[in-house]
1. Applying 1/(1 + (r/R0)^6) with R0 = 25 Å to the Cβ-Cβ distance of residue 217 and residue 42, what FRET efficiency is obtained, to the nearest 0.05?
2. Using only helices, what value at 222 nm comes out for the chain when you add -39,500 (n - 2.57) per DSSP H run of length 4 or more and divide by the total residues, to the nearest 500 deg cm²/dmol?
3. Looking at (i) 91, 46, 37; (ii) 63, 46, 38; (iii) 50, 40, 30, which value of Cα extents along the principal axes in Å comes from a calculation on the structure shown?
4. Label point 7 Å out from residue 191 along Cα-to-Cβ: which residues of region 90-126 have amide N under 12 Å?
5. Pairs of lysines 8 or more apart, or on different chains, with alpha carbons under 23 Å: count those in the chain, would you?
6. On a full-extension model of 0.36 nm per residue, what is the gain between residue 83 and residue 176, subtracting their alpha-carbon distance, rounded to one decimal in nm?
7. Residue by residue through region 215-232, which ³J(HN,Hα) values in whole Hz follow from phi under the Karplus form 6.51 cos²θ - 1.76 cosθ + 1.60 (θ = phi - 60°), with glycine and proline marked x?
8. Cα extents of region 130-249 along the three principal axes, largest first, in whole Å?
Amino acid sequence: MDLDVAFLPTPANALKDRKICIVVDVLRASSSIVTILESGAEAVYPVHAVKRARRFAAERGFLLCGERNGLPLRGFDCGNSVAQLGKMDFRGRGVVLTTTNGTAALEKVARAYAVLVGCARNRTACVEAALNLATRHDAQLEIVCAGRKGRFVLDDAVCAGLLADAMAVMAGDALELSDSAIAAQALYRSYPDLLRAFERSASGRRVMEIGHADDLRLCADIDANRTVPQVMYGEHLVIRPFTARQEGW
């Protein structure tokens with residue numbers, strides 16, 4: 001198996017080969033999606049355009065969550081704070097989520113062979129699921145960083161390295177890392193304290209600036225959850241917890 005890391009999302013790369021993609025927007029969309037599903041939501045519907053998200057949620061009677069530039073949007077049920085989302089009751093509900101970077105990244109790579117959502121909070125479970133899928137379907141692996149407004153960000157790259165490092169340990173000689181995967185792994189290893197890496201990133205500084213330093217601590221909590229979100233492509237993108245038997249994998 002080959003593992004690559006894309007430091008920015010590119011639709012062409014996702015469709016080029018049979019790929020299992022893990023989308024990472026650790027501060028905070030991917031961490032939020034894991035939290036929402038872990039809290040009992042039936043599904044998350046990622047919609048990047050705010051107007052379309054409002055309309056879709058209203059038509060379906062779904063909860064509406066999200067942000068722009070880190071801040072909650074008027075009339076939404078909740079923003080994108082992992083701490084706040086973890087206190088909400090999502091049991092049995094559909095949730096529409098729109099964010100500045102993460103939902104755009106999901107839309108760009110949604111047509112890959114399989115798409116999972118990864119972060120520090122679900123590291124081990126996500127890596128296990130991705131490796132199992134790649135082995136069963138003779139597929140390649142790619143970790144896709146959402147970035148920030150089209151630019152490289154430290155937090156996503158370090159998180160990609162965290163996932164790549166875990167994959168390398170689990171798969172051993174069966175996994176070959178690309179140069180970008182090696183670079184991400186080396187970057188992660190240069191930060192023994194994941195929280196410190198998040199605090200130094202532009203995304204992390206923005207989260208602290210708007211008063212959500214507690215979110216950084218939660219996003220840096222490795223293996224806090226076992227939920228692995230899977231993105232399903234169709235008329236509408238929908239994210240549900242990955243279950244191999246349920247999804248026919």
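We did not get these values from a lab; they are worked out from the coordinates using the rules stated. Treat the numbers as computed from the prediction; the structure is a model and nothing was measured. Virtual Cβ from ideal backbone geometry, glycine too; neighbours counted across all protein chains shown.
1. About 0.35, to the nearest 0.05.
2. -12000 deg cm²/dmol
3. Read-out from the structure maps to (iii).
4. In region 90-126, the label zone of residue 191 (backbone N under 12 Å from the point 7 Å along Cα→Cβ) covers 120.
5. Step by step, the pairs that qualify in the chain add up to 5.
6. Result for the pair: 29.8 nm of gain on full extension.
7. The phi angles translate into 5, 4, 5, 5, 5, 8, 7, 5, 6, 6, 10, 10, 6, 10, x, 10, 8, 10 Hz.
8. Per principal axis, max minus min of the Cα coordinates gives 44, 37, 29 Å.
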